[in-house]
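Okay, structure first, notes after.
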Number of protein chains: 2
Amino acid sequence: MRQYVLPKYFKGDSEFKLNKEDSQYFIKVLRLKKKDKIFSRDQNGVPYQLTIMSYDKNSCLCKVEKINEGDTFETTDTLPEINEERPKLNLFQCVCKGKKNESIIRMATEFGVESITLIQSKFCIAKKESSNNQRYEKIIKEAIQQSGSPVITKFNDVINFKDFIKNLDMPLFFFHQISLEENLTLKEKVNSIDPKKPIGILIGPEGGLSDEECSLLLEKKAIPVTLKTNILRAETASIVALSTIHTLLVEK
Amino acid sequence: MRQYVLPKYFKGDSEFKLNKEDSQYFIKVLRLKKKDKIFSRDQNGVPYQLTIMSYDKNSCLCKVEKINEGDTFETTDTLPEINEERPKLNLFQCVCKGKKNESIIRMATEFGVESITLIQSKFCIAKKESSNNQRYEKIIKEAIQQSGSPVITKFNDVINFKDFIKNLDMPLFFFHQISLEENLTLKEKVNSIDPKKPIGILIGPEGGLSDEECSLLLEKKAIPVTLKTNILRAETASIVALSTIHTLLVEK
């Protein structure tokens, strides 16, 4: 189900004026007209029904009604929404080169991760420019709108690896090319954690994680995973890791 | 492990002259020099050791030695290879728009599928041009070389949906946005098939599969799957479907 993500400065008002870019998305892409309705969510995922009151080339004024549980509402398309409770996955992604970060962020958001945090690790070839944040947040917004994800994915700015380890507050799977621990199957590892609580997934950069980083992760009781696949590019590895852990959590 | 895929016209000769493009890949990208060795496979996946005898800007002459089981050989990098037996997945992908097909083909090859077949189905927005075949085969070759996949993925040209159904000769999972059958869990569905034999995975186009196509699939005893995720774009859906089925087959 397609949806619109209300911007951060929306504070629950009963009328809302869209900026130029979003107005053009409504009018030119979605081809909405006066009195048309669209399903929306604010930054906390709270659902709203928007009704178009008036529009011109550069702006669009909408009536805003909060949707409470059990309320009926109208949507722009008929694709179903999966409403089952789902694992709360959080992606920690070491910074990759150029457009790869964008592709990773888009797929992870579409898949419905709770948050995406970029990590600067030892073998990162690229330095993440904070000037890219706006671009990444735009990609996240687009992916939520297109996929109709009920999860409003949070983007966290880049942190260095040691700060990440210090502040880690959830069970973490980290994906590594060389097997570090063979005693448990992946299924047993996944079964050892609480599926209702937030779960972290760490993906290294193109150059992989360093031995020192792996040691720090193991000290923190992070769970090493070697996938029984080929060595994957970073952009493929992240979506494969997310769907592997998701599958083992939901198909018990 | 990086590897080189020998072209179709290689017939097991003890010396082999690379064409201009592959020579430049050896010399400029891999920076190989005289006497350097590289691991290679022919179109059937048979492993060979290549040793560079001489080269100039446009060509490269190699000594070719077949690698038999138990032989030692040299490689250009130290990334490990996963040698466990793996599920024989075959991707049947309805034609998508433009660059999406390329991205899907690249990820599926990297993941190690046995074959990729394009399907023209009712709701395909794009018509697949056979002029793209060369481009797709190039992408497959690159992906095998980069990922070191032991599977030499076969590319099959586009066929229409009805011919696909008529010639279907393996168990098939098809991914659908609307749940068609709720009696079995996905895990039970996967457990019902022989994991050693070829398995098909069908992904619809952007517009999904038609009701008639779904009926034909069910008549053929194809297995419908609705993933417990958001509605995914076709390019994300294919790699998520592949890793979901792979995970359930290898993590029993």
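The values are calculated or read from the model by the stated rules, or taken from the named source; none is laboratory data. Everything numeric here is computed off the predicted structure, so don't read it as measured data. No Cβ is skipped: glycine too gets one built from the backbone with ideal geometry, and neighbour counts run over all protein chains shown. When the accessible area is computed, the model is the full protein with side chains, heavy atoms only, and any ligands, DNA or RNA have been set aside. Shrake-Rupley method; radii C 1.70, N 1.55, O 1.52, S 1.80 Å.
Picking from residues in region B:215-230 that are under 16 Å from A:GLU84 (Cβ atoms) and open to solvent by 30 Å² or more (accessible area, probe 1.4 Å), the one that is nearest to the other protein chains (Cβ to nearest Cβ) is B:LYS228.
Filter region A:142-170 for residues that are open to solvent by 80 Å² or more (accessible area, probe 1.4 Å) and either of a type in the set (D, E, K, R) or farther than 29 Å from B:ALA234 by Cβ (or both) and give the result. Lay out the reasoning, then the answer.
In the first step, residues of region A:142-170 are kept if they are open to solvent by 80 Å² or more (accessible area, probe 1.4 Å); the result is A:146, A:154, A:162, A:166-167, A:169.
A:LYS154, A:LYS162, A:LYS166, A:ASN167, A:ASP169 - these are the residues of region A:142-170 that are open to solvent by 80 Å² or more (accessible area, probe 1.4 Å) and either of a type in the set (D, E, K, R) or farther than 29 Å from B:ALA234 by Cβ (or both).
Taken over region B:81-108, residues that are among the polar types (S, T, N, Q) and modelled with pLDDT under 90 amount to 1.
Take the residues in region A:147-182 that are within 14 Å of chain B (Cβ to nearest Cβ) and in contact with a Lys or Arg (Cβ under 7 Å, 6 or more places away or on another chain), then tell me which one is modelled with the highest pLDDT.
Narrowing region A:147-182 to residues within 14 Å of chain B (Cβ to nearest Cβ): A:147-153, A:173, A:175-180, A:182.
From the residues that got through so far, the ones that are in contact with a Lys or Arg (Cβ under 7 Å, 6 or more places away or on another chain) too are A:148, A:152.
Working: A:GLY148: 86, A:ILE152: 94.
Among residues in region A:147-182 that are within 14 Å of chain B (Cβ to nearest Cβ) and in contact with a Lys or Arg (Cβ under 7 Å, 6 or more places away or on another chain), the one modelled with the highest pLDDT is A:ILE152.
Every condition in (1) within 14 Å of chain B (Cβ to nearest Cβ); (2) buried (at least 19 other Cβ atoms within 10 Å of the Cβ); (3) farther than 30 Å from B:GLY207 by Cα is met by A:ILE199 except one, and the failing one is (1).
Mind listing whichever residues of region A:126-145 are among the acidic types (Asp, Glu) and under 15 Å from the mean Cα position of the chain (by Cα)?
From region A:126-145, those among the acidic types (Asp, Glu) are A:129, A:137, A:142; that's our starting set.
A:GLU137, A:GLU142, listed by residue number.
Search region A:1-20 for residues being within 14 Å of chain B (Cβ to nearest Cβ) and open to solvent by less than 60 Å² (accessible area, probe 1.4 Å), and hand back the single one that is farthest from B:ASN230 (Cα to Cα). First the steps, then the outcome.
Taking region A:1-20 first, the residues within 14 Å of chain B (Cβ to nearest Cβ) are A:1-3, A:5.
From what is left, the residues that are open to solvent by less than 60 Å² (accessible area, probe 1.4 Å) are A:1, A:3, A:5.
Values: A:MET1: 9, A:GLN3: 12, A:VAL5: 16 Å.
Among those residues, the one meeting the criterion is A:VAL5.
Of the listed requirements (1) of a type outside the set (D, E, K, R); (2) surrounded by fewer than 21 Cβ atoms within 10 Å (Cβ to Cβ); (3) at pLDDT 95 or above, B:ILE239 misses just one: (2). Identify all residues within region B:232-252 that are touching a Pro at 6+ places or on another chain (Cβ under 8 Å) and within 16 Å of B:PHE174 (Cβ to Cβ); write none if there are none. Hits for region B:232-252 are B:ALA234, B:ILE245.
Only strands (runs of 3 or more DSSP E) wholly contained in region A:21-101 count here; list those with 2 or more residues that are crowded, with 18+ Cβ neighbours inside 10 Å and out of contact with any Asp or Glu (no Cβ under 9 Å at 6 or more places or on another chain).
Numbers: elements: A:37-41, A:47-55, A:60-66, A:89-94.
Passing ranges, in order: A:37-41, A:89-94.
Take the conditions open to solvent by 20 Å² or more (accessible area, probe 1.4 Å) and within 14 Å of chain A (Cβ to nearest Cβ) and apply them to B:GLU212. Does it pass?
On the way: open to solvent by 20 Å² or more (accessible area, probe 1.4 Å): yes; within 14 Å of chain A (Cβ to nearest Cβ): no.
Taking the combined requirement at face value, the residue does not satisfy it.
When restricted to residues that are in contact (Cβ under 8 Å) with a residue 24 or more places away in the chain and either part of a helix (DSSP H, G or I) or surrounded by fewer than 15 Cβ atoms within 10 Å (Cβ to Cβ) (or both), region B:124-141 contains 10.
When A:MET107 is tested against (1) open to solvent by less than 20 Å² (accessible area, probe 1.4 Å); (2) in a helix (DSSP H, G or I); (3) touching a Phe, Trp or Tyr at 6+ places or on another chain (Cβ under 6 Å), just one condition goes unmet, and that condition is (3).
So, in region B:171-191, exactly how many residues are crowded, with 17+ Cβ neighbours inside 10 Å and in contact (Cβ under 8 Å) with a residue 60 or more places away in the chain? Total meeting the criteria: 4. Residues in region A:1-20 that are hydroxyl-bearing (Ser, Thr, Tyr) and assigned to a strand (DSSP E or B): A:TYR4 alone. Evaluate the following for A:GLN49: is it within 14 Å of chain B (Cβ to nearest Cβ) and within 29 Å of A:GLN134 (Cβ to Cβ)? No, not satisfied. Across region A:103-125, the qualifying residues are those that are over 8 Å from the mean Cα position of the chain (by Cα) and of a type in the set (Ser, Thr, Tyr), and the one among them that is farthest from the other protein chains (Cβ to nearest Cβ) is A:THR117.
Would you please name the residue that is farthest from B:LEU184 (Cα to Cα), looking only at residues in region A:231-241 that are more than 8 Å from every other protein chain (Cβ to nearest Cβ) and of a type outside the set (Asp, Glu)? Before you say what the answer is, go through the steps one by one.
Taking region A:231-241 first, the residues more than 8 Å from every other protein chain (Cβ to nearest Cβ) are A:234-235, A:237-238, A:241.
Pick out the ones that are also of a type outside the set (Asp, Glu) and you get A:234, A:237-238, A:241.
Values: A:ALA234: 34, A:ALA237: 29, A:SER238: 29, A:ALA241: 25 Å.
Among residues in region A:231-241 that are more than 8 Å from every other protein chain (Cβ to nearest Cβ) and of a type outside the set (Asp, Glu), the one farthest from B:LEU184 (Cα to Cα) is A:ALA234.
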